[in-house]
Amino acid sequence: MQIISLFSGAGGLDLGLIQAGNTVVWANDIDKDAVATYKENISEHIVCDDIKNIDISTLPDCDVVVGGFPCQGFSQANMLRTLDDDRNQLYKFFYNTIKIKQPKYFIAENVKGILSLGKGEAIKRIISDFEAAGFITSVNLVNMANYGVPQTRQRVIIIGQRKNLGDKMKFHFPVPTHSRSGEPKPWVSIEDAIGHFPDPDKENNVLNHIYSAYKVSYRNFTGHRETDPTKPSPTILARGNGKGGVCAIPHYNGKRRLTIRESASIQTFPETFHFNGTMGSCYRQIGNAVPVKFARLLGEELIRLEKEENI
Ligand SMILES: C[S@@+](CC[C@H](N)C(=O)[O-])C[C@H]1O[C@@H](n2cnc3c(N)ncnc32)[C@H](O)[C@@H]1O
């Protein structure tokens, strides 16, 4: 399918969709490092600009719109006027794009917190906006470990389907392939994912195999807990070192933080995927991403639907 990608970042979501056989016809991000990474590894088609400067009528036609949108403007006091709130301009851009382009499907990724925002009123409002724009919406809370990603990352994936598509074109959300109990397959551990990498302090030719000097200390909160090599990693973060930087997860050897490469492998980026920018910027691009392996499953469902349509 032909895809428009908003808030594309380094392209974790896009890469998975492309690996499954889809085509991204237009992409955008405001962050120049993320755009450089996207251009080097995925395609030159990404536009580096603030999305607010983009005129939706100039975007190409597409079958699918994808992208996560921030939702700072969903305060409880203002729940009924979310589309008017200035802080919701990015949400509004996503909303207007699907309303104007009327794709067959949209995929929107968000943090788990969106479900409890305004005591659940925000997500109700979002669903009702999407409904008014012409879409049937499903909201799915996903633990990425259940899809073979070596990380217990929880994210909300909203799937929209244009109302007039009919039953045979129903988007079936991917069924979990892994579980804690081992059915159908056991969760993938952090050691399975990164155990083969050489010591980053010794000479090696692994891309982006450098790590943050941020001290490892165990204080029993996110980013400061011991890492168990036999389990999936905790969520790879995009912020949180207390100085505006990114808190990389400690390596299970207890001596250092994960390298950029190790973090990327836990997010299931290929080892040939090279990140651009400062160390903090690379960690942020990785922490922001949708795991490629999970994105590919969403992409495979789009390909199935495309074939279904052509029968
Ligand atoms: C959660 S990340 C998206 C990650 C991406 N889906 C992936 O899988 O790699 C959100 C992105 O929105 C971008 N962004 C934030 N404000 C923006 C704006 N005003 N215009 C364009 N992009 C923006 C950020 O730079 C960031 O890369």
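Every read-out reported here was derived from the displayed coordinates using simple, explicitly stated rules and does not represent laboratory data. These figures come from a predicted structure and were not determined experimentally. Here Cβ is always computed from backbone atoms with ideal geometry, including for glycine, and neighbour counts include all displayed protein chains.
Starting from the eigenvalues of the Cα gyration tensor, five times each then square-rooted, give me the equivalent ellipsoid semi-axes of the range 251-302, largest first, whole Å. List each step's numbers first, then the result.
Values: eigenvalues 108, 36, 15 Å².
Sorted largest first and rounded, they come to 23, 13, 9 Å.
Sorted from longest to shortest, the spans of the Cα atoms of the range 6-70 along the three principal axes equal 30, 28, 23 Å.
Please state the charge dipole magnitude for the range 206-249, taken about the Cα centre, from unit charges on C-beta atoms (+1 on K and R, -1 on D and E), reported in debye and rounded to the nearest 20. Don't skip to the answer; put the middle values down first.
Values: 6 positive and 2 negative charges, 35 e Å.
Dipole magnitude for the range 206-249 comes out near 160 debye.
Taking a straight line from the alpha carbon of Lys243, these lysines sit under 23 Å away, with near neighbours fewer than eight places off in the same chain left out: Lys32, Lys215, Lys255.
Leaving out same-chain residues fewer than 8 places away, which lysines sit with a Cα under 24 Å from that of Lys99? Excluding near neighbours in sequence, the set is Lys52, Lys124, Lys163, Lys168, Lys170. Helix 32-41 sits at what angle to the longest principal axis of the chain, using alpha carbons and giving 0 to 90 degrees rounded to 10? Helix 32-41 sits roughly 90 degrees off the main axis of the chain. Between the residues Ser217, Ile236, Val66, the greatest Cα displacement towards the positive end of the dipole of the chain, with unit charges on the Cβ of Lys, Arg, Asp and Glu, is found for Ser217. An ellipsoid equivalent to the range 173-311, defined through the eigenvalues of its Cα gyration tensor, has semi-axes of 29, 18, 15 Å when rounded to whole angstrom and sorted largest first. In plain terms, if you count all Cα to Cα distances in the chain and split them into 10 Å steps from zero, the share in each step is 6, 26, 34, 24, 8, 1 percent. Relative contact order of the chain, taken over Cα pairs closer than 8 Å and 6 or more residues apart, is 21 percent. Available extension along the chain between Asn164 and Ser128 is 11.3 nm, counting 0.36 nm per residue and deducting the alpha carbon span.
Let's see if you can work this out: charge +1 on each Lys and Arg Cβ, -1 on each Asp and Glu Cβ, no other charges. What is the dipole magnitude of the chain about its Cα centre, in debye to the nearest 20?
Once rounded to the nearest 20, the dipole reads 960 debye.
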